[in-house]
Amino acid sequence: MVAYLHSAPSTAASTPSGGRSALDLSGEVAGGSVLVVGEVSRPEVTEALRAEGFEPVHVEGMRDALARLASAEALPRLVVIDAELPDGDGFSLCGLLRADAKVEHLPVLLVARQQEEFHRDLAAGVGADEYLVEPVDARDVAVLARLKAGRRGEQDVYDAHTGRLPLVHLVRALLSGVRSGRVTLSEDTGAFTFRHGLLVDASFHGERGSLAFRRLLCFGAGGYTVTFGPELHRGSFSMDRAYLCEQVVPDLERFEVLRVRGLPLAARLTVDFNRLARELPTLPEDVEQVVRLFDGRRTVRAMLLECRFPEALAYEAATRLFMLGVLVPAILVEERERARESAGPPRLFEPAPLTGDAPASEPEPTAS
């Protein structure tokens, strides 16, 4: 059970920083068309591109693609090419596009039916922006299309925002390809590095490694920049797409549910020690590491950033402690203290006030 401390936005209206539903990439659409060449134009790819606001345009082979681009008044935002075409191959077509001044700037995604050792080098040699191998997740194609629509001039640098392209969706798409590069948040202290389908380094708020990466997905928000290019420095860990999807994403989804419907991250909580003493026999031993971080000054967000437990687990523990009454809003304790102070010091030695009629005075003694 989750405590409802504030009015939660509807699922459609909420936009978590780490990511929304894996199939929901709604928001500000990029617009424009995407030229899809060859058999890669499956229904699911077409549907995913349309969901992103693009208009997929399908042609069968190399000649049709070149003719379409030569006669087009408005060029597509992206070209997705099957590595095997009925009248040639995708690598040759990509090379021809790069040699044509009219279309040389267009982002190109090459999709191969099977992995070949020389394909990655060949794709880089003809200037492809990305090389993917079947089975390709249609959502990754849509994410890369949205990313490439934010290209910064002639550079291999792209600007995006977590509200339109959540980091978790971006990482999943980047790890499906073979490029290397770095993602840097512009409004927060965080970055991560990817290399040939692996996540190899991350930093966030003074942390480095896999812990920093988890926290970056949970708390990183705002604009960010994706820069493609060689990343040769030593990494701090290694994570592939399968591990991301099977281990990291489920915890992130639990975290997002709690953030939308549970304790506000900005809440300041403190410990009710009387209640803690009563509930302590029923609590796990490790919960002490969560309890001790609530001192009335830290917010829930600050506690999650300091706790060494996984963020979703620590968030669930804090929510449970709040529901048991072990954690209470710090403002209630502060108001209670202010009320005591305004009442003044206790009157320990003053006589109690008289009630009713005052007793008659003692008669004065008379002379015998």
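Selection of first residues in the range 254-272 that are within 12 Å of ARG301 (Cβ to Cβ) and at pLDDT 90 or above and of second residues that are surrounded by fewer than 18 Cβ atoms within 10 Å (Cβ to Cβ) and of a type in the set (S, T, N, Q), restricted to Cβ pairs under 8 Å at least 6 apart or on distinct chains, gives the following pairs, ordered by first then second residue: LEU265/THR299; ALA266/THR299; ALA267/THR299; ARG268/THR299. The residues of the range 216-242 that are surrounded by 16 or more Cβ atoms within 10 Å (Cβ to Cβ) and acidic (Asp, Glu) amount to a single one, GLU231.
Out of the helices (runs of 4 or more DSSP H) lying entirely within the range 91-206, which hold 2 or more residues that are surrounded by fewer than 20 Cβ atoms within 10 Å (Cβ to Cβ)? Write out each step before concluding.
Details: elements: 119-125, 138-148, 167-174.
Because the criterion is at least 2 residues that are surrounded by fewer than 20 Cβ atoms within 10 Å (Cβ to Cβ), the helices (runs of 4 or more DSSP H) in the range 91-206 that meet it are 119-125.
Could you please let me know if CYS245 is crowded, with 21+ Cβ neighbours inside 10 Å and in a helix (DSSP H, G or I)? Criteria not met by CYS245.
When residues of the range 71-88 are filtered for being in contact (Cβ under 8 Å) with a residue 24 or more places away in the chain and out of contact with any Pro (no Cβ under 9 Å at 6 or more places or on another chain), how many remain? Step through it out loud before you land on a result.
Filtering the range 71-88 down to residues in contact (Cβ under 8 Å) with a residue 24 or more places away in the chain leaves 74-88.
When the remaining residues are screened for being out of contact with any Pro (no Cβ under 9 Å at 6 or more places or on another chain), the result is 74-76, 81-88.
Adding up the residues that qualify gives 11.
Taking the range 64-90 as the range and being farther than 16 Å from LEU144 by Cβ, of a type outside the set (Gly, Ala, Ser) and open to solvent by 60 Å² or more (accessible area, probe 1.4 Å) as the test, the residues that pass are ASP64, LEU66, ARG68, GLU73, GLU84, PRO86.
Residue count for the range 258-274 under the criterion of being assigned to a helix (DSSP H, G or I) and open to solvent by less than 80 Å² (accessible area, probe 1.4 Å): the result is 3. Checking the range 32-41 against the condition returns a match, with at least one residue being charged (D, E, K, R), modelled with pLDDT under 90, within 23 Å of PHE118 (Cβ to Cβ) and outside any helix (DSSP H, G or I).
Residues checked against (1) in contact with a strand residue (DSSP E or B) (Cβ under 9 Å, 6 or more places away or on another chain); (2) at pLDDT below 95; (3) farther than 20 Å from HIS161 by Cα; (4) of a type in the set (Gly, Ala, Ser):
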| position | (1), (2), (3), (4) |
| --- | --- |
| ALA221 | yes, yes, no, yes |
| THR225 | yes, yes, no, no |
| GLY229 | yes, yes, yes, yes |
| ARG234 | yes, yes, yes, no |
| MET239 | yes, no, yes, no |
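Among the residues making up the range 275-301, those that are of a type outside the set (Gly, Ala, Ser), open to solvent by 60 Å² or more (accessible area, probe 1.4 Å) and in a helix (DSSP H, G or I) are ARG275, ARG278, LEU280, PRO281, THR282, GLU285, ASP286, GLU288, GLN289, ARG301. When the residues of the range 46-63 are filtered to those that are among the acidic types (Asp, Glu) and closer than 11 Å to VAL36 by Cα, the one that is surrounded by the fewest Cβ atoms within 10 Å (Cβ to Cβ) is GLU55. Among the conditions (1) touching a residue at least 24 places away in the same chain (Cβ under 8 Å); (2) over 27 Å from the mean Cα position of the chain (by Cα), ALA277 misses just one, which is (1).
The values are calculated or read from the model by the stated rules, or taken from the named source; none is laboratory data. These numbers come from a predicted model, not from an experiment. Don't worry about glycine lacking a Cβ; one is built from the backbone with ideal geometry, like all the others, and counts go over all protein chains shown. All accessible areas refer to the heavy atoms of the entire protein, side chains included, with ligands and DNA or RNA removed. Shrake-Rupley method; radii C 1.70, N 1.55, O 1.52, S 1.80 Å.
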